[in-house]
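This report refers to the structure that appears directly beneath it.
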Amino acid sequence: MLLEQIEKANDIKQIKKEDYGLLAEEIRQFLIEKISVTGGHLGSNLGAVELTMALHLSLDLPEDKIIWDVGHQSYTHKLLTGRRDGFENLRKYHGMSGFPKRKESNCDCFDTGHSSTSISAGLGLVKARDIKGEKNTIISVIGDGSLTGGMAYEALNNASRLETNFIIVLNDNNMSISENVGGISSYLNKVRTADSYLDLKEGVYNALRGMKGDNVIAKIRRIKSGVKQLVIPGMFFEDMGITYLGPVNGHDIGAMLRVIKEARKVKGAVLVHVITEKGKGYTPAERHPARFHGAEPFEIETGLPKVPRTTPNYTDIFSTVMCKLGQREEKVVAITAAMPDGTGLKRFRNMYPERFFDVGIAEEHAVTFAAGLAAGGLKPVVAIYSSFLQRAYDQILHDVCIQNLPVIFAIDRAGLVGSDGETHQGIFDLSYLSCIPGMYILAPKNKWELSDMLKYAVSFDGPIAIRYPRGEAYAGLKEFRAPIEFGKSEWIYQEKEIALLAVGSMVKTAEGVRARLKEAGHACSLVNARFVKPIDEEMLQKACKGHKLIVTLEENVASGGFGERIKRSMEAMGSKAKVLSVTIPDAYVEHGNVELLKKELQMDEESIYHCILKALGKKA
């Protein structure tokens, strides 16, 4: 195998040119086989094989630098830098990350996991290079989906002033996770389909091939720029002051090598527009690119999951309830940031297209847009993953909460999410939302409570957030379904000695902990917090008077979380009851199976049980 000849960075340069196509096939087959077992981001990586090979053939790593936007398309990069064995434990605990990690390899120059960051980071590396007097090449690779994010344009605006080389590769596959939307997508479509330009460009190259001399080259460049202005509307990047090269076939390694060579000569920022196909080389991924963005382990022959999902997850419940709310309430509208599938809004879009808005990968815009909708008398529901909502913090505070606008935040993937690791764990939202005046936060214990909370939120007059986890929706405790009341928790079991105050997904865990404690002879109450903010002071006073140990449980970091707020409230009321907070440590949590991570973080039933016994001065 050719792939076995690549043991470290730059080994690809020992491969014969006539074997590049065979190597690309081997890489695709390797990725399909490995990801079918471990799960991972398949579609984006299959589309970027030749592009990555061309970059590695053109550069000398790690001296030269590649910044991968988001980074889920960096699997081929990892293969070409000697990490083939790491794919056995891809995205597993203590295994290889599915994203670039500086601590993993000196060929990963910048950690990425969120969108639209690569141009800013690359520009910083370029300036650092110039100040230090170095001569290496810096390349930022950004997808057309990431180019819907405003941060990319802030960086382009600054990059346009450069007088030294900086290469931006636009990997254009007409997809982010779901199909791209908006003006930049339409613009790139025009570039892709400008046949008159592409045909003329090919004809000029063929006619002038073999001619030499700086004057000829200069004239060609001037003519080429003029032709672009005439044939391609707008010339958006050129008008910004950034040299535009392309479009070029991203699966033609020879063409890629030529355009990168040309790009390295530019004394300034240059954008290389590369056309690729997401999922290339694997028919199921070509047909269903959204499904293979982040794939679970699958059968290679069919592309179907090895373990089909038979029970609904929280996203499914949200999807169903949103469709019902859309039918009952004409003012309900839905907003997503390029993830109608991932957030469960695809069905709502199909049923109520005029009330559905996909704003692209632009969380900041999504929130302020929702604020405008609310100010106009509508009931916007903003569905965004917890870790991505972080990007819109100022907009939540400044544009929604200061004005007390009735925007509903449906925060999916809250808590530990597993295999995507530090950049995707939703373990900060309780902290970063709780400190905002006027923001109220709920968390459901099961699937029925998520439904009830969404209905309550639609009738609520002000900012409100509902955070729910990734994975199967809990179906237990269905007999406990008291109506949602503002700021009120729910007593599930009332006893003495120990009170478990659990938030959302941790109610299920608390059930198991309580069963263990009861078996060991301890009386134990269980409270479903429901509201993280405001704290139910009446419940807390009752709990403090009747129990000697208060245990808070939440899937959130300690600082600023539910447990910390409970402790402050207890101090204010002069309570002497002992408090034990079960939280995630104030640290970044790496990738791995969620149940394994909980055990490592001492947030599983057994660990919590032993911690409680220790707090009581007892032995197991």
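The values are calculated or read from the model by the stated rules, or taken from the named source; none is laboratory data. Not measured: the values here are computed from a predicted model. FYI the Cβ positions are ideal-geometry reconstructions off the backbone, even for glycines, and counts take in every protein chain you see. The accessibility values were calculated without ligands, DNA or RNA, using every heavy atom of the protein model including side chains. Shrake-Rupley method; radii C 1.70, N 1.55, O 1.52, S 1.80 Å.
Assorted remarks:
- Residue match in the range 347-359 (condition: closer than 23 Å to Asn446 by Cα, free of Cβ contacts under 8 Å to residues at least 40 places away in the same chain and surrounded by 23 or more Cβ atoms within 10 Å (Cβ to Cβ)): yes
- Residue within the range 302-315 that is outside any loop (DSSP other than H, G, I, E, B) and basic (Lys, Arg) present: no
- Single residue of the range 96-144 satisfying the filter (of a type in the set (A, V, I, L, M) and more than 27 Å from Ala338 (Cβ to Cβ)) that is nearest to the chain's Cα centre (by Cα): Val126
- The set of residues from the range 267-283 being in contact with a Leu (Cβ under 8 Å, 6 or more places away or on another chain) and more than 23 Å from Val70 (Cα to Cα) comprises just one member, Gly268.
- Looking across the range 362-387, the residues that are open to solvent by 30 Å² or more (accessible area, probe 1.4 Å) and touching a residue at least 60 places away in the same chain (Cβ under 8 Å) come down to Glu364, His365, Lys379.
- Selection status of Pro444, surrounded by fewer than 24 Cβ atoms within 10 Å (Cβ to Cβ), outside any strand (DSSP E or B) and not hydrophobic (A, V, I, L, M, F, W, C): no
- Of all residues in the range 353-398, those satisfying the criterion of being of a type in the set (D, E, K, R) and within 13 Å of the chain's Cα centre (by Cα) are Glu363, Arg391.
- Number of the condition not met by Lys488 [criteria: (1) open to solvent by 20 Å² or more (accessible area, probe 1.4 Å); (2) in contact with a Ser or Thr (Cβ under 9 Å, 6 or more places away or on another chain)]: (2)
- Residues satisfying the stated conditions in the range 42-63, i.e. open to solvent by less than 10 Å² (accessible area, probe 1.4 Å) and either of a type in the set (Asp, Glu) or part of a loop (DSSP other than H, G, I, E, B) (or both): Leu42, Ala48, Leu59, Leu61
- Unique residue being in contact with a strand residue (DSSP E or B) (Cβ under 7 Å, 6 or more places away or on another chain) and surrounded by 20 or more Cβ atoms within 10 Å (Cβ to Cβ) when the list is Thr311, Thr343: Thr343
- Qualifying residue in the range 550-570 (condition: assigned to a loop (DSSP other than H, G, I, E, B), over 26 Å from Arg470 (Cα atoms) and open to solvent by 10 Å² or more (accessible area, probe 1.4 Å)): no
- For the range 571-582, taking the residues that are within 14 Å of Ala499 (Cβ to Cβ) and open to solvent by less than 70 Å² (accessible area, probe 1.4 Å), the one that is nearest to the chain's Cα centre (by Cα) is identified as Val582.
- Of residues in the range 97-145 being part of a helix (DSSP H, G or I) and aliphatic (A, V, I, L, M), the one surrounded by the most Cβ atoms within 10 Å (Cβ to Cβ): Ile119
- Among the conditions (1) within 25 Å of Ala577 (Cβ to Cβ); (2) crowded, with 24+ Cβ neighbours inside 10 Å, the only one that Ile466 does not satisfy is (1).
- Residues that are within 24 Å of Ser115 (Cβ to Cβ), open to solvent by 10 Å² or more (accessible area, probe 1.4 Å) and either without any contact (Cβ under 8 Å) to a residue 24 or more places away in the chain or of a type in the set (Val, Ile, Thr) (or both), drawn from the range 64-85: Val70, Thr81, Arg83
- Beta carbons closer than 8 Å, at least 6 apart along the sequence or on distinct chains, pair a first residue in the range 396-421 that is modelled with pLDDT of 95 or more and among the acidic types (Asp, Glu) with a second that is in a helix (DSSP H, G or I) and open to solvent by 30 Å² or more (accessible area, probe 1.4 Å) for Asp399/Thr368.
- The C-beta contact set for the range 300-319 (first residue closer than 17 Å to Gly43 by Cα, second residue open to solvent by less than 80 Å² (accessible area, probe 1.4 Å) and among the aromatic types (Phe, Trp, Tyr), distance under 8 angstrom, 6+ apart or interchain) comprises Gly303/Tyr282; Gly303/Phe292; Leu304/Phe298; Pro305/Phe298.
- Scoring Thr283 on the criteria (1) under 21 Å from Arg28 (Cα atoms); (2) touching a helix residue (DSSP H, G or I) at 6+ places or on another chain (Cβ under 9 Å); (3) β-branched (Val, Ile, Thr) leaves a single failure, condition (2).
- Residues being open to solvent by 10 Å² or more (accessible area, probe 1.4 Å) and in a helix (DSSP H, G or I) - total across the range 10-31: 14
Here is a yes/no grid of residues against (1) at pLDDT below 95; (2) surrounded by fewer than 17 Cβ atoms within 10 Å (Cβ to Cβ); (3) over 36 Å from the mean Cα position of the chain (by Cα):
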residue	(1), (2), (3)
Val507	no, no, no
Leu517	no, no, yes
Asp536	no, no, no
Glu605	no, no, no
Lys619	yes, yes, yes
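- Index of the failed condition, Asn593 passing every other in (1) open to solvent by less than 80 Å² (accessible area, probe 1.4 Å); (2) under 30 Å from Phe99 (Cα atoms): (1)
- Single condition Gln494 does not satisfy, out of (1) crowded, with 20+ Cβ neighbours inside 10 Å; (2) touching a Ser or Thr at 6+ places or on another chain (Cβ under 6 Å): (1)
- When the strands (runs of 3 or more DSSP E) confined to the range 473-542 are screened for residues that are closer than 19 Å to Gln602 by Cβ, those reaching at least 3 such residues are found at 497-502.
- Scanning the range 328-340 for residues being surrounded by fewer than 19 Cβ atoms within 10 Å (Cβ to Cβ) and either part of a helix (DSSP H, G or I) or not acidic (Asp, Glu) (or both) gives a total of 2.
- Subset of the range 424-441 [buried (at least 21 other Cβ atoms within 10 Å of the Cβ) and β-branched (Val, Ile, Thr)]: Ile427, Ile441
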